[in-house]
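Below: one structure, written as structure tokens.
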Amino acid sequence: MFNKIIDSPLVKVPARYGAIAALLCMSFLAFLFYMGKHPFLISPFFDFRLPLFGLLLFFSLKEIRDYYQDGVLFFLHGLLSCLIFTLVFAFIMAFLIWIFCQAQPAFLSRYIAAAVEQFEAIPPEMLERIGKAELERNLNALPGTRAVDLAIDYFAKSFIMSFFISVIISVILRQQPKPE
């Protein structure tokens with residue numbers, strides 16, 4: 001039973017695309033880090049995952065629909081495939097980020113230094129909206145950040161980003177069987 005589920009195209013195809021996405025994203029993170037810009041401090045609106053998720057989820061669902069489902073893709077099939085894509089992506093990325101932090105300790109130390117610098121550069125009018133106590137709490141907690149914290153943060157944010165893209169792509173690519 002379990003082998004039948006694993007061999008299903010609704011699982012295999014998004015898992016393959018999720019692994020490809022993780023490798024592309026990790027290489028992009030390493031590239032940004034070595035270029036001097038820490039990838040964890042980029043605005044979520046400019047995050048590389050947004051176009052990557054959109055593109056690879058589209059091709060994943062299109063492949064399932066056109067090659068394995070005879071042109072039929074239900075909304076639920078699309079969402080479940082997107083969930084598998086995101087699970088594979090998020091687990092692989094969390095593991096790769098943790099490994100990268102172990103192999104390159106400067107990744108974590110530069111993140112902490114740059115984040116502290118960013119927090120200290122917050123303008124006074126924005127500080128009023130955030131609250132001085134909240135900012136102090138975050139600044140005090142920042143030096144205790146571990147590699148696993150970065151991995152968990154990336155894992156969680158990947159699901160948040162993927163959810164909205166998954167719904168949109170699943171709606172766009174769904175096709176019901178034609179009534180006879």
Can you find even one residue in the stretch 53-75 that is in contact (Cβ under 8 Å) with a residue 24 or more places away in the chain, closer than 18 Å to Val167 by Cβ, open to solvent by 60 Å² or more (accessible area, probe 1.4 Å) and among the basic types (Lys, Arg)? yes
Which condition number in (1) open to solvent by less than 40 Å² (accessible area, probe 1.4 Å); (2) modelled with pLDDT of 90 or more is the one that Gln104 fails? (1)
May I ask you to verify whether Phe46 is modelled with pLDDT under 90 and not aliphatic (A, V, I, L, M)? yes
Of the residues in the stretch 144-170 that are assigned to a helix (DSSP H, G or I) and among the charged types (D, E, K, R), the one that is most open to solvent (accessible area, probe 1.4 Å) is Lys157
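Per-residue answers, yes or no, for (1) free of Cβ contacts under 8 Å to residues at least 60 places away in the same chain; (2) surrounded by 14 or more Cβ atoms within 10 Å (Cβ to Cβ); (3) assigned to a helix (DSSP H, G or I):
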position: Phe85; (1), (2), (3): no, yes, yes
position: Val88; (1), (2), (3): no, yes, yes
position: Asn138; (1), (2), (3): yes, no, yes
position: Leu142; (1), (2), (3): yes, yes, yes
Among the listed residues Leu32, Leu56, identify the single one that is closer than 16 Å to Ser170 by Cβ and part of a helix (DSSP H, G or I). Leu56
Taking the condition without any contact (Cβ under 8 Å) to a residue 60 or more places away in the chain and of a type in the set (S, T, N, Q), does Gln102 pass? yes
Which of the residues belonging to the stretch 107-129 are touching a Cys at 6+ places or on another chain (Cβ under 8 Å) and either in a loop (DSSP other than H, G, I, E, B) or of a type in the set (D, E, K, R) (or both)? none
Across the stretch 116-173, what is the total count of residues that are of a type in the set (Ser, Thr, Tyr) and touching a Leu at 6+ places or on another chain (Cβ under 8 Å)? 4
Would a scan of the stretch 93-100 turn up a residue that is at pLDDT 95 or above, farther than 16 Å from Ile165 by Cβ, loosely packed, with under 14 Cβ neighbours inside 10 Å and not basic (Lys, Arg)? yes
Test Val116 against the criterion of being surrounded by 16 or more Cβ atoms within 10 Å (Cβ to Cβ) and β-branched (Val, Ile, Thr), and give yes or no. no
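The values are calculated or read from the model by the stated rules, or taken from the named source; none is laboratory data. Treat the numbers as computed from the prediction; the structure is a model and nothing was measured. Quick reminder, even Gly has a Cβ in these numbers, built from the backbone with ideal geometry, and neighbours come from all protein chains shown. The area values use the complete protein model at the heavy-atom level, side chains included, leaving out ligands, DNA and RNA. Shrake-Rupley method; radii C 1.70, N 1.55, O 1.52, S 1.80 Å.
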